[in-house]
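Everything below concerns the one structure shown next.
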Amino acid sequence: MTKFWFYILALALVGCSATPSIQEYYVSKTEDPSFLVIDIPTSILDIDSNTLSLEEQEALSSFQKLNVLMFRKTTANAEQFPEELAIVRSIIDAKTFEPLFVMSDRQYSGKLVLEGTVEHPDEIVFFGAADDGFVLARLIGSDMQVDKAMLLANVVQRGNGLENAAKMISDMF
């Protein structure tokens, strides 16, 4: 019986990680007033599927929503900013994520990463940071593929999807 409890304890210690997952981080920040959390369904992009090719329709249907987490630095939360930024960077830089694209200049930095394989990612995440805040965006879907995500980005741009989403969100407030 003692061996049983030893194995349970060992499994618990091995399973615990000091770095939270993206999902755990999102959940922990939903009630924090320094953060804005938005779930954007792909339907809010208001893209006319009749104008899309079969391949583009398939790409659009493989993504359900975009989870967006934003931190805007203010005088009230300025001390919290470096700590939160360090936590997010440690999550994004973990071995579970493979970088696809990295950009950086004097004003901002960004990184597109994925968890899983390029052929079948479990999660596609964009992280962007500047001196006044950061954004963390997760693309959620089923049967996701990186090439479908790139195709979706083109469809969204061509169909004014971001403008449509911004208008719908601003109408809500």
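Within the range 72-101, take every residue that is of a type in the set (Lys, Arg) and over 15 Å from LYS111 (Cα atoms) and give me the one that is surrounded by the most Cβ atoms within 10 Å (Cβ to Cβ).
Once the filter is applied, the top-ranked residue is LYS73.
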Quiz prompt | Filtered residues of the range 44-71 (kept if surrounded by fewer than 14 Cβ atoms within 10 Å (Cβ to Cβ) and touching a residue at least 24 places away in the same chain (Cβ under 8 Å)) | solution = ASP48, THR51, GLU55
Quiz item: In the range 113-142, how many residues are within 23 Å of LEU52 (Cβ to Cβ), surrounded by 11 or more Cβ atoms within 10 Å (Cβ to Cβ) and at pLDDT below 85?
Solution: 5
Quiz item: Going through the range 86-108 one residue at a time, which ones are in contact with a strand residue (DSSP E or B) (Cβ under 7 Å, 6 or more places away or on another chain) and not in a strand (DSSP E or B)?
Solution: VAL88, ILE92, THR96, GLN107
Quiz prompt | Near pairs, Cβ below 6 angstrom, 6+ apart or cross-chain, from the range 133-150 (in contact (Cβ under 8 Å) with a residue 60 or more places away in the chain) to any residue that is assigned to a loop (DSSP other than H, G, I, E, B) | solution = GLY133/LYS73; GLY141/SER62; ASP143/SER62; MET144/SER62; LYS148/SER62
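Report, by residue number, each residue of the range 37-85 that is in a strand (DSSP E or B) and either over 16 Å from the mean Cα position of the chain (by Cα) or farther than 19 Å from GLY141 by Cβ (or both).
Step one: of the range 37-85, the residues in a strand (DSSP E or B) are 37-41, 63-72.
Passing the criteria: MET70, PHE71, ARG72.
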Exercise. State whether one or more residues within the range 112-122 are among the charged types (D, E, K, R) and under 22 Å from PHE35 (Cβ atoms).
Key: yes
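The values are calculated or read from the model by the stated rules, or taken from the named source; none is laboratory data. Computed from a prediction, not measured in an experiment: that's the story for all the values here. Note: ideal-geometry Cβ built from the backbone for every residue, glycine included; neighbour counts use all protein chains shown.
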